[in-house]
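Read the structure below first, then the notes.
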Amino acid sequence: MNVIVVFLDSFRWDHVGVYHGGRAPFDGVGPCQTPNLDRFAERCVIFENAYPEALPTMPVRLQLMTGQRTLPFRGWEPMRETDVPMQRILGELGYVSGLIADTYHFRAPGMNYHQDFSCYRWIRGQEYDPWVSSPTKRNIDDYVNENYTEIWRKRIGQFLANTDDFASEEAWFPAKVVDEACRWLRANRCHKKILLWIDSFDPHEPWDPLERWDTYTDRNYKGKRLIMPMGGLADSWATPEEQRFIRGLYAGEAAFVDHCFGRLFECLETEGYMEDSFIVLLADHGHPLGDHGKFLKGTDRMYSELLKAPFLVHLPGGENRGLRTDALVCFHDVLPTILGLLGQKNNTEAMHGRSFVPVLMGDTGDHRQAIITGYYSRVGVRNSAIERCIRDKRWSYIARPENEPDELYNLIEDWREVHNLIDEHPEEAERLSSMFGSYFRPGPARPVKGVQGQYEMGSASVT
């Protein structure tokens, strides 16, 4: 069985057709069209409740590569010599492996996430990658408004300089990633067993879709082309019209990614990989687009627009295609699942992740009772006002810093998480809070905090 991992960074689950299901658009900007992802999903097991065990970019990769938790232990840091990643385990089983990525954090000095791959290929220039040292040929003022600070101007300037000479679709990052992946897949079809990790940084910001794909923005918009949103409250740096425009840019970027990856799916079909490969396609997380007042990722944005991810699993030959499950899974469950399918359960004994093979086989619709997720710390400061989100299939409980009320949402009746029910249903918050001990939330124990007061912790056992 071949193994292929496809990461699409920051791809919102509700922008993939098989997930958004005709839901009403947010603020007049609907999700994009994803015909290629939708066709691929028809051959997959579709997971409705897949979550990163911790955030953001590199901790997510570490979870999936190693099958280990990161939230209580590690933040954004290099892979250690003591880590035992997927590519090493499968290499010992005779797999030839490749890493193809434009996610430039992989190749940052000392990060070492390429260790143990048979080969690795970098596509340079994404986001703030220091690829081009000459200044941009374009006017930065066309891409910022009067509220952008100098640090944001420099970041945007780096991206513009990196992409100044991109004259065709084929020059852009997702096209390069896919073309490189297809070349690798064709060249390595001679091997009995391959592992390929394809890591597309798009549709991560900045969002600068080509005109052909820039079809989700208002044609009458006359403002700045704000390809890179800032953090903080969006109303403090962008008008409602500008915010809608940014959301349209994101949708166009995501649609372009879908277009490019259509070529990957064609290659997998033509080369026969669909018949003998386990393929998992996922995003590391979603992306806030002002849904709760802010853009970009952040420790305080513990809502579905950030936490939920598209998660599609293709079994060899398309076995169990069309199965849709609401089983709760986390990304560190992926490697134990792969090893379980390979008959290598002994390699999973030291892993925190749990195999969800029974879910893939349709034997059960349950895996985890609840999940906990969040950031290891705020801006690298350990134990500083750490938010955590604990969810089951119905409820989402967000533990806030001491001076802020906690939040509770019914995910079935209120999927946009608008109505905080912490005071109406404190027992649900207490139940969820009691499921994970203080190891996941360092600091002194405290009760659940409602808007109107505090509630004592429930008596449920800690797991």
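Show me the strands (runs of 3 or more DSSP E) entirely contained within the stretch 1-109 in which 1 or more residues are acidic (Asp, Glu). Show your work before the answer.
Working: elements: 2-8, 45-51, 96-101.
By residue number, 45-51.
Can you tell me which residue is surrounded by the most Cβ atoms within 10 Å (Cβ to Cβ) among those in the stretch 30-79 that are farther than 19 Å from residue 335 by Cα and basic (Lys, Arg)?
Applying the filter and picking the extreme gives 43.
Please indicate, with yes or no, whether at least one residue in the stretch 321-343 is in contact with a Leu (Cβ under 6 Å, 6 or more places away or on another chain) and farther than 23 Å from residue 286 by Cβ.
From the stretch 321-343, those in contact with a Leu (Cβ under 6 Å, 6 or more places away or on another chain) are 331, 334; that's our starting set.
If we keep only those that are farther than 23 Å from residue 286 by Cβ too, we end up with none.
No, the stretch 321-343 contains no residue that is in contact with a Leu (Cβ under 6 Å, 6 or more places away or on another chain) and farther than 23 Å from residue 286 by Cβ.
So which residues in the stretch 336-360 are closer than 19 Å to residue 318 by Cα and either assigned by TED's automatic domain parsing to the domain that holds residue 394 or in a helix (DSSP H, G or I) (or both), if there are any at all?
Selection gives 337, 338, 339, 340, 341, 357, 358, 359, 360.
Can you tell me which residues in the stretch 110-142 are within 28 Å of residue 221 (Cα to Cα) and either within 26 Å of the chain's Cα centre (by Cα) or part of a loop (DSSP other than H, G, I, E, B) (or both)?
Of everything in the stretch 110-142, those that are within 28 Å of residue 221 (Cα to Cα) and either within 26 Å of the chain's Cα centre (by Cα) or part of a loop (DSSP other than H, G, I, E, B) (or both) turn out to be 126, 127, 128, 135, 136, 137, 138, 139.
From the list 153, 186, 124, pick out the single residue that is more than 20 Å from residue 250 (Cα to Cα) and without any contact (Cβ under 8 Å) to a residue 40 or more places away in the chain. Let's see the steps before the verdict.
Numbers: 153 fails: more than 20 Å from residue 250 (Cα to Cα); 186 fails: without any contact (Cβ under 8 Å) to a residue 40 or more places away in the chain.
Unique residue meeting the criteria: 124.
Is one or more of the residues making up the stretch 64-78 among the hydrophobic types (A, V, I, L, M, F, W, C), in contact with a His (Cβ under 6 Å, 6 or more places away or on another chain) and either free of Cβ contacts under 8 Å to residues at least 40 places away in the same chain or in the same structural domain as residue 213 (by TED's automatic domain parsing) (or both)? Show your work before the answer.
Step one: filter the stretch 64-78 for residues among the hydrophobic types (A, V, I, L, M, F, W, C), giving 64-65, 71, 73, 76.
Restricting the remaining residues to those that are in contact with a His (Cβ under 6 Å, 6 or more places away or on another chain) gives none.
No, there is no match, as no residue in the stretch 64-78 is among the hydrophobic types (A, V, I, L, M, F, W, C), in contact with a His (Cβ under 6 Å, 6 or more places away or on another chain) and either free of Cβ contacts under 8 Å to residues at least 40 places away in the same chain or in the same structural domain as residue 213 (by TED's automatic domain parsing) (or both).
Give the residues of the stretch 245-291 that are more than 23 Å from residue 61 (Cα to Cα) and β-branched (Val, Ile, Thr), sorted by residue number.
Of everything in the stretch 245-291, those that are more than 23 Å from residue 61 (Cα to Cα) and β-branched (Val, Ile, Thr) turn out to be 246, 270.
Filter the stretch 152-201 for residues that are loosely packed, with under 15 Cβ neighbours inside 10 Å and either closer than 30 Å to residue 86 by Cα or among the aliphatic types (A, V, I, L, M) (or both) and give the result.
Correct list: 167, 171, 183, 186, 187, 189, 190, 191, 192.
Can you go through 276, 326, 333 and tell me which one is assigned by TED's automatic domain parsing to the domain that holds residue 212, surrounded by fewer than 18 Cβ atoms within 10 Å (Cβ to Cβ) and farther than 20 Å from residue 19 by Cα?
On the way: 326 fails: farther than 20 Å from residue 19 by Cα; 333 fails: surrounded by fewer than 18 Cβ atoms within 10 Å (Cβ to Cβ).
After ruling out the rest, the residue left standing is 276.
What tally of residues in the stretch 422-455 results from selecting those that are among the aliphatic types (A, V, I, L, M), surrounded by fewer than 19 Cβ atoms within 10 Å (Cβ to Cβ) and modelled with pLDDT of 95 or more?
The initial filter retains those residues of the stretch 422-455 that are among the aliphatic types (A, V, I, L, M), namely 422, 429, 432, 435, 445, 448, 451.
Then drop every residue that is not surrounded by fewer than 19 Cβ atoms within 10 Å (Cβ to Cβ), which leaves 445, 451.
Still in the running and modelled with pLDDT of 95 or more: none.
The number of residues fulfilling the criteria is 0.
Looking at the stretch 116-146 only, could you name the residues that are more than 30 Å from residue 87 (Cβ to Cβ), surrounded by 14 or more Cβ atoms within 10 Å (Cβ to Cβ) and of a type outside the set (Lys, Arg)?
Residues of the stretch 116-146 more than 30 Å from residue 87 (Cβ to Cβ): 132-146.
Right, trim to surrounded by 14 or more Cβ atoms within 10 Å (Cβ to Cβ) and you get 132, 136, 138, 140, 143-145.
Residues satisfying the conditions are 132, 136, 140, 143, 144, 145.
Suppose we keep only residues that are among the small types (Gly, Ala, Ser) and surrounded by 22 or more Cβ atoms within 10 Å (Cβ to Cβ) within the stretch 253-273. Which one would you say is nearest to residue 356 (Cα to Cα)? I'd like the intermediate steps shown before the answer.
Residues of the stretch 253-273 that are among the small types (Gly, Ala, Ser), as a first pass: 254-255, 262, 272.
Okay, now just the ones that are also surrounded by 22 or more Cβ atoms within 10 Å (Cβ to Cβ), so 254-255.
Details: 254: 29, 255: 30 Å.
Applying the filter and picking the extreme gives 254.
Any residue in the stretch 355-371 that is out of contact with any Leu (no Cβ under 6 Å at 6 or more places or on another chain) and within 27 Å of residue 231 (Cβ to Cβ)?
Within the stretch 355-371, not a single residue is out of contact with any Leu (no Cβ under 6 Å at 6 or more places or on another chain) and within 27 Å of residue 231 (Cβ to Cβ).
The values are calculated or read from the model by the stated rules, or taken from the named source; none is laboratory data. Computed from a predicted model, the values in this text were never measured in an experiment. A quick note on method: Cβ atoms are made from the backbone with ideal geometry, for glycine too, and the neighbour counts reach across all protein chains shown.
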